[in-house]
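Asker: Sharing a structure with you now.
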Amino acid sequence: MKAVKKILITGGAGFIGSHVTRRFVKNYPHYQVYNLDKLTYAGNLENLKDIEDAPNYIFIKGDIVNQQFLKDLFEKYHFNGVIHLAAESHVDRSITNPMEFIHTNVVGTGNLLFAAQEQINKGKLLDCFYHISTDEVYGSLGDTGLFTEETPYSPRSPYSASKASSDHLVRAFYHTYKLPVVISNCSNNYGSNQFPEKLIPLVINNILNMSPIPVYGKGENIRDWLYVEDHALAIDQVYHAGQKGQTYNIGGNNEWKNIDLIIKLCEIMDIRLNRKSGTSHKLITFVKDRAGHDLRYAIDSTKISQELGWKPTLDFETGMAKTVDWYLNNNEWLQNVISGDYEKYYDDQYKKR
Ligand code: NAD
Ligand code: TYD
């Protein structure tokens, strides 16, 4: 019988966090998994319904911006590992409300680092502080090139700047206090349980409702898409085998121009909904571009694949089919998350475009 390890996952009720939490709860019965989440608009315990009664899973509602709360939490549980995903994560919201991003992503991460470091100072065993970050910290690429772990940081939105700040704080705690940190920077994720403010679920939801599909600018911006469960697999591998003090870039090697991706989604949705071919395409509406819109992100995943043997397991065709089917089969989940505040958010973001 292996000794129980206590793992704190922050933001476990969110999109990626819920996939990571499920993976750790199911694959590692000797880990006691604590999911700390504030349950903002993006956090949803419905995402974890299937594991909520697992004996090695505990949910804790709390805010990483509250320093005293975090200190008390670490003092109570003496976690052996931390996987930090809690964040404000949507670029458009960061443009309208940057302070929320500075509080959660910068101050919240600082609080977490400080609480973890205090435990080490007291002689408690913490093996790994794993910070989950984004490729957006590297800024925007032109038509060619890829982000490597050596690409200089050049964030251009309040979201990416707040994530870049948190990455710097994590590295500072490694160099200054020897906190055993590891960081990964991932490209755009897609899959089940993603809040319909992000491109793919927003398009699926709008097609379902026969509403206009808002395409920013000319739709020529490019993103590198990775299926969320492949990101969770990478997080598992980095947590267990990543070298402390190191950064790993994670990407899908799967670049799509927004407009091409949207057209593809329209075709899949017409087939799934038994609608006449071309029905969804008619909903495409070009709208005012996002301020400071990064042109292209693309990741070089050589390091994680060579050092840790990670590679995506799912091709995009299969991943998209699974994603669309999930939203169609989970209409209740979708209706719940678009009730209440979502309508106001949508009007604020899109009516003026
Ligand atoms: P999400 O917005 O779906 O979920 C964020 C979670 O954090 C929610 O459950 C929310 O309730 C929680 N949270 C927010 N503020 C909190 C606070 N103050 N205290 C405690 N909990 C709080 O985000 P996501 O898309 O799952 O992203 C998770 C992480 O991965 C983020 O750090 C994000 O920067 C990073 N990331 C996301 C992507 C992507 O494509 N979605 C890509 C690369 C990296
Ligand atoms: P998003 O899912 O918000 O992720 P990110 O901005 O973090 O990459 O957006 C993906 C791309 O889709 C991005 O180039 C902006 C664009 N986009 C639209 O064209 N329309 C929309 O309604 C949204 C939400 C995004």
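The values are calculated or read from the model by the stated rules, or taken from the named source; none is laboratory data. Keep in mind that what you see is a predicted model, and the values were worked out from it rather than measured. Neighbour counts run over all protein chains shown; Cβ positions are idealised from the backbone, glycine included. For the accessible areas, the whole protein counts, side chains as well, though only heavy atoms, and no ligand, DNA or RNA atoms are used. Shrake-Rupley method; radii C 1.70, N 1.55, O 1.52, S 1.80 Å.
Asker: Between Gln306, Ser339, Pro196, whose Cα lies farthest towards the positive end of the dipole of the chain when Lys and Arg beta carbons carry +1 and Asp and Glu beta carbons carry -1, centred on the Cα centre?
Answerer: Ser339
Asker: So, one more: So what does log10 I(q)/I(0) come out to for the stretch 41-118 at q = 0.12, 0.23, 0.25 Å⁻¹, using the Debye formula with one equal point on every Cα and no solvent?
Answerer: -0.42, -1.16, -1.23
Asker: Further question: Along each of its three principal axes, how wide is the spread of alpha-carbon positions in the stretch 201-250, in whole angstrom units, largest first?
Answerer: That works out to 47, 23, 12 Å along the principal axes.
Asker: Find the all-direction average of the projected area of the Cα convex hull for the chain, expressing the result in square nanometres with one decimal place.
Answerer: Seen from a random direction, the Cα hull of the chain projects 17.2 nm² on average.
Asker: Two decimals, Cα atoms only, Kirkwood Rh: what is Rg/Rh over the stretch 253-294?
Answerer: Dividing the radius of gyration by the Kirkwood radius yields 1.08.
Asker: At 222 nm, what value in deg cm²/dmol follows for the chain if DSSP H runs of at least 4 each add -39500 (n - 2.57) and the sum is divided by all its residues, to the nearest 500?
Answerer: -12500 deg cm²/dmol, from helical runs alone.
Asker: Can you give me the solvent accessible area of Lys257 with a 1.4 Å probe, rounded to the nearest 10 Å²?
Answerer: It works out to around 80 Å².
Asker: Among all helices in the chain defined by DSSP H, which have a length of 15 Å or more along the axis from Cα atoms plus a Kyte-Doolittle mean of at least 0.5?
Answerer: 258-272
Asker: A further question on this structure: Kirkwood hydrodynamic radius of the stretch 230-271 from all distinct Cα pairs, in Å?
Answerer: One decimal place: 13.1 Å for the Kirkwood radius.
Asker: Placing unit charges on C-beta atoms (Lys and Arg positive, Asp and Glu negative, everything else neutral), compute the dipole magnitude of the stretch 1-136 about its Cα centre in debye, rounded to 20.
Answerer: Roughly 600 debye for the stretch 1-136.
Asker: Restricting things to Cα coordinates, could you compute the convex hull volume per residue of the stretch 126-227 in Å³?
Answerer: Cα convex hull per residue, to the nearest whole number: 133 Å³.
Asker: For the full complex of protein chains and a 1.4 angstrom probe, list His103, His19 by accessible area with the highest value first.
Answerer: Output order, biggest surface exposure first: His103, His19.
Asker: Still on this structure: Measure out, as a whole number of angstrom, how far apart the alpha-carbon centroids of the stretch 172-186 and the stretch 248-318 sit.
Answerer: 31 Å
Asker: Can you give the local net charge around Glu149? Use residues other than it whose beta-carbon is closer than 9 angstrom to its beta-carbon, Lys and Arg +1, Asp and Glu -1.
Answerer: Around Glu149, the charge tally is -1.
Asker: Just the accessible area per residue of the chain, please: how many Å² with a 1.4 Å probe?
Answerer: With the other protein chains kept in place, the chain gives 43 Å² per residue.
Asker: With point charges of +1 on the Cβ of Lys and Arg and -1 on the Cβ of Asp and Glu, referenced to the Cα centre of the chain, which listed residue (Asn27, Asn258, Ala321) lies farthest in the positive direction of the dipole?
Answerer: Comparing the listed Cα positions along the dipole, Asn27 ranks first.
Asker: So, with +1 on the Cβ of K and R and -1 on the Cβ of D and E, and no other charges, what is the size of the charge dipole of the chain about its Cα centre, to the nearest 20 debye?
Answerer: In total the dipole reaches around 320 debye.
Asker: Also, quick follow-up: Looking only at Cα atoms, what is the convex hull volume of the stretch 2-57 per residue, in Å³?
Answerer: Hull volume normalised by residue count: 59 Å³.
Asker: Given Gly145, Ala161, Leu36, which one lies farthest toward the positive end of the charge dipole of the chain, if we put +1 on the Cβ of every Lys and Arg and -1 on the Cβ of every Asp and Glu?
Answerer: Going by the charge dipole, the pick is Leu36.
Asker: Now for a separate question. If all Cα-Cα distances of the stretch 202-306 are sorted into 5 Å bins from 0 onward, what percent lands in each bin, rounded to whole numbers?
Answerer: 2, 11, 17, 16, 15, 14, 10, 8, 5, 2, 0
Asker: Tell me, what is the percent relative contact order of the stretch 2-108, built from C-alpha pairs under 8 Å that lie six or more residues apart?
Answerer: Across the stretch 2-108, relative contact order equals 32 percent.
Asker: I've got another one for you. If I compute solvent accessible area with a 1.4 Å probe over the protein chains, what percent of it on the chain is carbon and sulfur?
Answerer: With neighbouring chains kept in place, the figure for the chain is 51 percent.
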